[in-house]
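None of the figures in this text is laboratory data; all of them are computed from the coordinates on show. Since the structure is predicted, the reported quantities are computational estimates derived from the model, not experimental observations.
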Amino acid sequence: MKEGRVVKSTEIPGPEEMQAINRYTRRAYAPEEVYAFSLVLCDNEVDRDWERFPVESLKALKELFLGKTCIFDHECKSANQTARIYQTRLEHKPGRTTQTGEELVQLTARAYLPRTKGNGETIELIESGILKEVSVSCSVKRRVCSVCGKEECKHQKGREYGGAVAHCLLLEPTDAYECSFVAVPAQRGAGVVKRFQQEEVEKLWEKPEDVLLTKAQIEGIGRRFRQLAEKARWGEEYRRELEREVFKYSAVVQPDMPRAVMEAAVKGMGIAELAQMEKTYRQMAQKILPLTPQLKPREETREKGENREFRI
Ligand SMILES: [Zn+2]
């Protein structure tokens with residue numbers, strides 16, 4: 001499941017677009033009878049889940065999303081509020097590069113909605129920018145590691161290996177499902193919170209009377225904060241585990257170093273530095289005492305897969 005967004009919604013469909021739209025309608029619609037808008041469904045950037053669609057996958061998704069529907073999941077829900085995707089294309093964004101150094105490529109779509117009485121409010125919500133986030137879902141046949149190309153490996157997604165951040169490549173899409181509009185996306189809300197702060201809160205400061213949150217938005221933000229609090233707890237747990245390991249190996253590698261000095265040293269470290277230190281110390285300790293039983297549990301824990309969720 002990925003997050004997409006509406007990019008612009010004002011264009012009146014031209015004759016070619018009407019032809020594309022009318023492929024999906026029972027009778028021929030006139031341009032004034034439909035409302036068309038554009039969406040960015042996904043791109044080739046590494047996302048917040050440390051996953052990425054290579055351009056090849058986007059090409060396949062381009063075909064799969066054609067004809068799929070977008071459903072509206074907002075509060076004023078009524079029957080049959082769906083838009084249909086009638087056109088998809090890959091848009092290259094010269095000058096904009098992804099984390100991996102490639103040119104940014106977006107899979108964009110055009111979707112239409114008949115201008116019926118019942119759809120008036122929905123159209124208004126899109127126009128006003130309230131409905132702009134969509135959850136896009138699809139399935140892929142293979143997910144491989146960007147570092148080694150294997151489906152199962154020990155590379156931690158989000159960690160750096162040789163200057164590149166390990167992530168998961170989503171390959172061979174097999175199906176695309178309907179996308180749904182959400183006032184506030186239920187997931188991946190680091191972005192929700194960020195967007196909320198940047199756009200909504202900035203507006204709030206400028207013109208306080210212009211901002212009104214819906215119950216669904218407040219609930220969405222509350223839900224997201226609870227998720228983040230949970231993740232923060234995992235993160236702290238992971239940090240404590242790393243610190244314990246560093247102290248343990250440090251006692252082997254540099255037995256004369258007082259514990260208090262090590263404690264002070266790790267205190268100011270970021271999580272990536274600490275992880276690096278743990279790895280280096282572990283390797284050094286294993287060279288000194290390769291078969292020491294005290295050094296074993298760590299590996300056993302790993303194999304059992306315990307605490308895996310703490311790893312970043
Ligand atoms: Zn790997």
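Tell me which residues come under 5 Å, amide H to amide H, from Arg115 once H is placed; ignore anything under 5 positions away on its chain.
Residues meeting the amide H criterion: Val34, Tyr35.
Going down the table (Lys2/Lys231; Lys93/Lys132; Lys62/Lys117; Lys248/Lys279; Lys68/Lys231), which pairs top 24 Å between alpha carbons?
With Cα atoms farther than 24 Å apart: Lys62/Lys117; Lys68/Lys231.
Amide H neighbours of Leu104 under 5 Å, counting only residues 5+ apart in sequence or on other chains, H built in-plane at 1.01 Å?
Distant-sequence amide H within range of Leu104: Lys93, Arg96, Thr97, Thr98.
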